[in-house]
Amino acid sequence: MSFESSCDETSVAIIEDGEKILSNVVATQINSHKRFGGVVPEVASRHHIEQITICVEDAMKQADVSYDDIDAIAVTYGPGLVGALLIGVTAAKTIAWAHNIPLIPVNHIAGHILASRFVTKINYPALALVVSGGHTELVLMKEEGDFKIIGETRDDAAGEAYDKVGRVLGINYPAGPKVDAMAAEGKDAFDFPRAMEKEDNFDFSFSGLKSAFLNTTHHADQIHEELDKNDLAASFQSAVVDVLVDKTTRALQDYPVSQLILAGGVAANKGLRSALEEAIDKIDTTELIKVPNKLCGDNAAMIGAAGYVMAKKNVFAGVDLNADPSLEFDLLEDEE
Ligand code: ATP
Ligand code: MG
Ligand code: FE
């Protein structure tokens, strides 16, 4: 059984042998956060409290299991919103304690990456491009359960940039899917910056792109010029995708792994999926593993997959497990 409550999705899943999804119940709060243009932490916590028991019951019912069938409980304990994380952590600890079931602490980003286990067996070493609402990073995994960030965003995450730009285009939070759809209808007509593309590192930056986008739209507003929104979306998306694909293919030159995993909420982006596919097609030695669309966003199934891996590495927690809003991968290693 696994729990995810780090942001605005309450989710409980039942996973068999770390790779078969028996149930994966996701209660999203999007409608409650829409009018604020982003996730309001207090609102998120309250929703998690209301939803968590219902999710547990639904997940167990759909999977047709009782507590006797549960061998372990995996839970996201960071990174994320502290009040949101605490609901999942507390629920998981309570069930683990009450039924005497081992508890596995899981890093949310490890969950995003290891959702790929539902697609295929991972061959290590492997590289992951994680693009989500709060993270944009290249993660090297030398062996199972070992994570090292080799490049990351210096400012905004890709998903965050999508949401901010979407707001200017008049799209409700989370704007990613809609901007993606608009981009498919437009053309790359505006010359937006590809930050750090030529720099000799694997880091990213999206705040300059966001500013360039805002300047362009503000300027057009001032002179009462109507810009084509689809073209704006397409130009923004092509700048994001160019940098992500460019840095990732360059990372593969330094770290020639046989599998590249594309993970995180933004991994559902059609433009990114096809551009990366095309680029990786040209590298004979590397295969692209895309997390399925429905497992890209936050869900507990991915936490179950990561929990299985952590359990194999003997990473368990007691009832003193606490939420860690700024959890990093290193901490996970320290606990071995
Ligand atoms: P993190 O995982 O970093 O803690 P998070 O859990 O909030 O952050 P996810 O749920 O993994 O993030 O992803 C949500 C983000 O993905 C949102 O910013 C959303 O706009 C973006 N997103 C979802 N679908 C798409 C898409 N098709 N194109 C671009 N962005 C997308
Ligand atoms: Mg989310
Ligand atoms: Fe996430």
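Considering only DSSP states other than H, G, I, E and B, which GluC sites (Glu not before Pro) in the stretch 183-229 qualify as loop sites with at most 12 other Cβ atoms within 10 Å?
Answer in residue order: 199, 225, 226.
P(r) for the stretch 1-97, please, calculated from all Cα pair distances in 5 Å bins and given in %.
2, 15, 26, 24, 17, 10, 5, 2, 0
Taking Rh as the Kirkwood radius, which is the inverse of the mean 1/r over Cα pairs, what is the Rg/Rh value for the stretch 47-170?
Using only Cα positions, Rg/Rh for the stretch 47-170 is 1.03.
How would you rank 330, 8, 180, 69, going from fewest to most other Cβ atoms within 10 Å of each one's own Cβ?
330, 69, 180, 8
Taking trypsin sites (Lys or Arg not before Pro) as exposed when DSSP calls them loop (any state but H, G, I, E, B) and at most 11 other Cβ atoms lie within 10 Å, what is the longest stretch of the chain free of them, the sites themselves excluded?
The answer is 1-120.
Given the options 230, 172, 215, which has the most mean-square fluctuation in a GNM of the chain, springs set between C-alpha atoms less than 10 angstrom apart?
Most flexible of the set in this elastic network: 215.
Inverting the mean 1/r over all pairs of different Cα atoms, compute the Kirkwood radius of the stretch 197-307 and quote it in Å.
16.1 Å
How would 109, 283, 149 line up from fewest to most surrounding beta-carbon atoms within 10 angstrom?
283, 149, 109
Taking the Cβ-Cβ separation of residue 71 and residue 201 as r and a Förster radius of 51 Å, what is the calculated FRET efficiency to the nearest 0.05?
It comes to 0.75.
As a footprinting exposure proxy, order 203, 254 by other Cβ within 10 Å, with the fewest listed first.
By the 10 Å Cβ count, ascending, the order reads 254, 203.
Cα-Cα over 23 Å: which of 93/312; 20/312; 187/282; 148/294?
Check vs 23 Å cut-off fails for 187/282; 148/294.
Taking the Cα atoms of the stretch 148-188, report the difference between the largest and smallest coordinate on each principal axis, in whole Å and largest first.
Here the spans come out as 37, 20, 14 Å, largest first.
Just to be sure I understand the curve: with the Debye formula and one point per C-alpha of the chain, what is log10 I(q)/I(0) at q = 0.06, 0.10, 0.15 Å⁻¹?
-0.21, -0.58, -1.21
Divide by every residue of the chain the summed helix terms, -39500 (n - 2.57) for each DSSP H run of at least 4, and state the resulting mean residue ellipticity at 222 nm, rounded to the nearest 500 deg cm²/dmol.
Using -39500 (n - 2.57) per qualifying helix, the result is -14000 deg cm²/dmol.
Looking at this model, which pairs from 34/61; 178/229; 178/270; 34/178 are more than 19 angstrom apart at the alpha-carbon?
Table pairs above 19 Å Cα-Cα are 34/61.
Tell me, what is the percent relative contact order of the stretch 70-156, built from C-alpha pairs under 8 Å that lie six or more residues apart?
Reported relative contact order: 21 percent.
Would you mind calculating the relative contact order of the stretch 227-336 from Cα pairs under 8 angstrom and at least 6 residues apart, reporting the percent as a whole number?
23 percent
Kirkwood-based Rg over Rh for the stretch 240-290 (C-alpha set), two decimals?
Rounded to two decimals, Rg over Rh is 0.92.
Just to check I understand the Karplus step: with θ = phi - 60° and J = 6.51 cos²θ - 1.76 cosθ + 1.60, what whole-Hz values come out for the stretch 236-246, glycine and proline as x?
4, 4, 5, 5, 4, 5, 3, 5, 4, 5, 4
What is the mean projected area of the alpha carbon convex hull for the stretch 122-238, to one decimal in square nanometres?
Approximately 8.3 nm², given one-decimal rounding.
Return a whole-number percent for the relative contact order of the chain, with Cα pairs under 8 Å and 6 or more residues apart as the contact set.
About 26 percent, as a whole number.
Could you list the GluC sites (Glu not before Pro) in the stretch 106-161 that lie in coil according to DSSP, counting only those with at most 16 other Cβ atoms within 10 Å of their Cβ?
Loop-located and lightly packed - 143, 144.
Go from 0 up to the bin containing the longest alpha carbon distance in the stretch 159-220, width 10 Å each, and give me the % of pairs per bin.
For the stretch 159-220, the pair-distance distribution reads 20, 50, 27, 3.
Post the alpha-carbon centroid distance, the stretch 187-237 to the stretch 248-303, in whole angstrom.
Their Cα centres are 24 Å away from one another.
All of the numbers you see were taken from the coordinates with simple rules; none came from a lab. What you see is a predicted model, and the numbers here were worked out from it, not measured in a lab. Here Cβ is always computed from backbone atoms with ideal geometry, including for glycine, and neighbour counts include all displayed protein chains.
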